[in-house]
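The values are calculated or read from the model by the stated rules, or taken from the named source; none is laboratory data. These figures come from a predicted structure and were not determined experimentally. As a convention, Cβ positions derive from the backbone with ideal geometry for all residues, glycine included, and neighbour counts pool all protein chains shown.
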Amino acid sequence: MAACDNLPPLPSPRTKRWTVTRKAAVIQGVRHGLLTVEQACERYHLSTDEYRAWERDFHAHGEPGLRITRTGIYRQPLRSRDT
């Protein structure tokens, strides 16, 4: 069995509501070569920055990091150089 056989299916290109599971499926699809970052952004109408933020949060915190309502917990505010 290939590694890609265990991946969740990619969301529909018409996806409007981004759940944690759907975001994770897109990230895993890119990681396993099912599509490139550019293809994912085009297919799902995402900016590269938005996709990279998902990827960063997923890498740092797993699926819980992709919850929009919990971003304040997982993302630290930027500190000024004076503090």
- Message: Quick test of your reading of the structure: residue 23 fulfils all but one of (1) part of a loop (DSSP other than H, G, I, E, B); (2) at pLDDT 95 or above. Name the failing condition by number.
- Response: (1)
- Note on the structure: Of (1) within 19 Å of residue 65 (Cα to Cα); (2) among the small types (Gly, Ala, Ser); (3) out of contact with any Asp or Glu (no Cβ under 7 Å at 6 or more places or on another chain), residue 33 satisfies every one except (1)
- Message: Looking at the range 49-72, can you tell me whether even one residue there is outside any helix (DSSP H, G or I), farther than 18 Å from residue 9 by Cα and modelled with pLDDT of 95 or more?
- Response: no
